[in-house]
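The values are calculated or read from the model by the stated rules, or taken from the named source; none is laboratory data. All values derive from a computational prediction rather than experimental measurement. Glycine gets a Cβ as well: all are built from the backbone with ideal geometry, and neighbour counts include every protein chain shown.
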Amino acid sequence: MKHTIAVLVENKPGVLARVAGLFRRRGFNIESLTVGTTEKEDLSRMTIVVEGDDKVVEQVIKQLNKLIETIKVSEISESSVERELCLIRVHAPPEKRGEIVELTNIFRARIVDVSRNSFIIEVTGDEDKVSAFIDLMRQYGIKELARTGKVAMVRGNKK
């Protein structure tokens with residue numbers, strides 16, 4: 001089962017390497033990892049997706065809490081907002097552009113760049129939506145793809 005863990009850490013060089021090293025030493029695989037600064041410039045938020053049972057997640061949380069730079073660790077429950085971002089450069093000959101635009105609109109995606117032979121399309125949503133859009137774009141020929149990991153936040157006023 002996949003678990004999402006939110007980690008608030010000091011925004012310092014080497015913190016990401018320490019967290020990744022912790023996972024490597026324990027033999028845990030990181031399915032997805034996103035990192036960015038928070039509303040406070042001296043703090044970063046990591047959203048880590050790890051595969052495993054409850055024991056694995058409990059162990060990961062304990063180990064993360066031991067790191068000096070860690071401020072707060074929490075498992076994000078099912079009542080959360082989760083999103084991914086994907087940029088796709090897709091082959092777009094003139095005779096197929098209308099179809100691609102229609103599919104882009106259906107998925108509430110956006111064309112962010114147009115060139116003579118391709119579009120770059122931005123799609124955001126949950127993992128299933130992004131994957132479904134990618135699968136549909138394969139028929140046109142994906143030239144390049146960049147996909148973020150999951151970013152998540154607990155719903156409501158919880159801090």
Filter the stretch 104-134 down to residues that are at pLDDT 95 or above, under 16 Å from the mean Cα position of the chain (by Cα) and part of a helix (DSSP H, G or I) and give me whichever is farthest from V81 (Cα to Cα).
-> I134
For the stretch 77-89, indicate whether the set of residues that are charged (D, E, K, R) and free of Cβ contacts under 8 Å to residues at least 40 places away in the same chain is non-empty.
-> yes
Flagged in the stretch 131-159 as among the small types (G, A, S) and either within 30 Å of R45 (Cα to Cα) or free of Cβ contacts under 8 Å to residues at least 24 places away in the same chain (or both), in numbering order, are S131, A132, A146, G149, A152, G156
Kindly indicate the residue of the stretch 135-152 that is at pLDDT 90 or above and within 23 Å of V81 (Cα to Cα) and also surrounded by the fewest Cβ atoms within 10 Å (Cβ to Cβ) among those meeting that condition.
-> A146
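I'd like the full set of residues that are in a helix (DSSP H, G or I) and in contact with a helix residue (DSSP H, G or I) (Cβ under 8 Å, 6 or more places away or on another chain), limited to the stretch 1-57. Give the derivation first.
We begin by selecting, within the stretch 1-57, every residue in a helix (DSSP H, G or I); these are 15-26, 54-57.
Within the stretch 1-57, V19, L22, F23, R26 meet the criteria.
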Tell me which of these S79 doesn't satisfy, since it passes every other one: (1) over 16 Å from G14 (Cα atoms); (2) surrounded by 15 or more Cβ atoms within 10 Å (Cβ to Cβ); (3) of a type in the set (G, A, S).
-> (2)
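It is to be established whether one or more residues within the stretch 57-65 are closer than 17 Å to T34 by Cβ, in the same structural domain as L8 (by TED's automatic domain parsing) and either touching a Cys at 6+ places or on another chain (Cβ under 6 Å) or surrounded by 15 or more Cβ atoms within 10 Å (Cβ to Cβ) (or both).
Applying the first criterion (closer than 17 Å to T34 by Cβ) to the stretch 57-65 yields 60, 64.
Among the residues that remain, those that are also in the same structural domain as L8 (by TED's automatic domain parsing) are: 60, 64.
Applying the additional criterion that residues be either touching a Cys at 6+ places or on another chain (Cβ under 6 Å) or surrounded by 15 or more Cβ atoms within 10 Å (Cβ to Cβ) (or both) yields 60, 64.
Taking every residue of the stretch 57-65 in turn, at least one turns out to be closer than 17 Å to T34 by Cβ, in the same structural domain as L8 (by TED's automatic domain parsing) and either touching a Cys at 6+ places or on another chain (Cβ under 6 Å) or surrounded by 15 or more Cβ atoms within 10 Å (Cβ to Cβ) (or both).
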Hey, E84 hits all of (1) in a strand (DSSP E or B); (2) closer than 30 Å to L16 by Cα; (3) in contact with a strand residue (DSSP E or B) (Cβ under 6 Å, 6 or more places away or on another chain) but one; which does it fall short on?
-> (3)
